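The structure appears right after this line, and notes come after that.
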Amino acid sequence: MLTLNQITLYEIHLPLIEPFTISSGTQDTRRIMLVEIRDTDGAAGWGECVAPEYPNYSPETIDTSWLTLTKWVAPLVLGKSFSGPEEIFPYLQQNIRGHLMAKASIEMAAWELTAQKQTISLAKLLNGTRDRLETGRSIGIQKSPDVLIQKVKQAVDEGYRKIKLKIKPGADYEFVRAVRNAVGMQVPLMVDANNAYTLDDVNMFIKMDDLGLLMFEQPLAWDDVVRHAELQKHLRTPICLDESITGVEKAEEMVKFGSGRIVNIKPGRVGGFTSSIAIHDFCMKHNVPVWCGGMLESGVGRAHNVALASLQNFTIPGDISPSSRYWEKDIVVPEWEMQNGMITVPFDKPGMGVEIDSDRLEGLVVRKEELQR
Ligand code: OSB
Ligand code: MG
């Protein structure tokens, strides 16, 4: 039985070590919402809401999520008894349309709390099997191909197993070709457009088809599955959908229409772990490999991504880089570290496997709201 009686929301501001630019904008400080929940047995769990400051990835933002959680989600779940965390997402879906990032933060905290109560790791509770995860690095849009080449070379030297280059019109084929020429064909490279193109740009992708890339991530509109199918027909390189896959139904449409051949699963984007597992299982059944994306999470969201990426069909390195790639100092102890291009899944520790540095958290909090039954 799982009955929540307290939800606390925290907003913290964490400056990124370097600004991160995607086709729709630049971020230099992350405004992050953390969620702490308690149940009637006194157990606690943590979650992170991945919604960014501006609605330039999906319609959600940290502010819409804060409103959604305080006004609609908390009143629905506080005091209600669930037989387990897997019942939370369907219940929220029945009652609230959209707002998946807000929903996910509570849902994932409930899974974490459940793992804590059972004194098993979150990865184990999710039925994860991989104990070391190949690690990828997502590199933002740079001023010139030369600057990008330097960044890629550094990432290769640091041991990353997959390198993702953000692209936009004006910083695409020439940039990626320059990188490919500089590092050779062996380095696993991919690109992510975050919706910057339309079907009129098919020729740019046809040129890029010759650069030996692992995949083209989300070239077209954030909510499209139809046009991606048309684009995929012209290309050998697999399309990977990120923004468009908001639930298992979208993954089904992707397979049915041929809109892509790989899925980036971000648990925060799809409403949490229950939805992520449904997408994972569906994709595995249809021979669609998946990997775990990132949203520049703190150590809490990262812990949840690590646990999810331990599932069997996460066969492609994720955007789950170590803490030091993002932050001067993370908010968890121990920080997330990479050895040999791999992150170790903390199967031997209860819950998410890291602890909040509560003194540090206290110093970073700019907004806090406690919701009780
Ligand atoms: O599209 O995958 C994306 C960051 C913010 C918003 C969207 C995306 C990203 C990343 C960062 O690529 C990946 C990471 O967390 O390292
Ligand atoms: Mg993406």
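Just a few scattered comments:
- The single condition among (1) free of Cβ contacts under 8 Å to residues at least 60 places away in the same chain; (2) under 17 Å from the mean Cα position of the chain (by Cα); (3) more than 16 Å from ligand 2 (Cβ to nearest atom) that ILE96 does not meet is (2).
- Total residues in region 127-150, condition more than 16 Å from ligand 2 (Cβ to nearest atom) and in contact with a Leu (Cβ under 9 Å, 6 or more places away or on another chain): 6
- Residue in region 125-143 that is in contact with an Asp or Glu (Cβ under 6 Å, 6 or more places away or on another chain), small (Gly, Ala, Ser) and within 15 Å of ligand 1 (Cβ to nearest atom) present: yes
- Within region 143-159, the set of residues being under 17 Å from ARG177 (Cα atoms) and not hydrophobic (A, V, I, L, M, F, W, C) comprises LYS143, SER144, PRO145, ASP146, GLN150, LYS151, LYS153.
- Residues located in region 287-316, provided they are out of contact with any helix residue (DSSP H, G or I) (no Cβ under 9 Å at 6 or more places or on another chain) and surrounded by fewer than 20 Cβ atoms within 10 Å (Cβ to Cβ): ASN287, THR315
- Of residues in region 317-366 being away from ligand 1 (no atom under 16 Å from the Cβ), free of Cβ contacts under 8 Å to residues at least 60 places away in the same chain and crowded, with 17+ Cβ neighbours inside 10 Å, the one farthest from GLU18 (Cα to Cα): VAL354
- Of the residues making up region 260-278, those that are within 15 Å of ligand 2 (Cβ to nearest atom) and in contact with a strand residue (DSSP E or B) (Cβ under 9 Å, 6 or more places away or on another chain) number 8.
- In region 210-229, the residues that are acidic (Asp, Glu) and within 26 Å of the chain's Cα centre (by Cα): GLU217, ASP223, ASP224
Yes/no matrix, rows are residues, columns are (1) within 22 Å of GLU243 (Cβ to Cβ); (2) outside the structural domain of SER275 (by TED's automatic domain parsing); (3) among the β-branched types (Val, Ile, Thr); (4) assigned to a strand (DSSP E or B):
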site	(1), (2), (3), (4)
GLN27	yes, yes, no, yes
MET33	yes, yes, no, yes
GLY47	yes, yes, no, yes
ASN56	yes, yes, no, no
GLU60	yes, yes, no, no
TRP66	yes, yes, no, no
PRO75	no, yes, no, no
MET108	yes, yes, no, no
LEU113	no, yes, no, no
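- Of the residues screened, SER259 is not one that is farther than 30 Å from VAL73 by Cα and either part of a helix (DSSP H, G or I) or modelled with pLDDT under 95 (or both).
- Taking the criterion of being among the aromatic types (Phe, Trp, Tyr) and exposed (fewer than 15 other Cβ atoms within 10 Å of the Cβ), the only residue of region 46-101 that qualifies is TYR54.
- Selected residue (only one of MET295, MET284 is closer than 19 Å to SER23 by Cβ, out of contact with any Leu (no Cβ under 6 Å at 6 or more places or on another chain) and among the aliphatic types (A, V, I, L, M)): MET295
- Extreme residue, surrounded by the most Cβ atoms within 10 Å (Cβ to Cβ), among residues of region 186-222 that are within 14 Å of ligand 2 (Cβ to nearest atom) and of a type in the set (Asp, Glu): GLU217
The values are calculated or read from the model by the stated rules, or taken from the named source; none is laboratory data. Just so you know, these numbers come straight off a predicted model, no measurement behind them. Here Cβ is always computed from backbone atoms with ideal geometry, including for glycine, and neighbour counts include all displayed protein chains.
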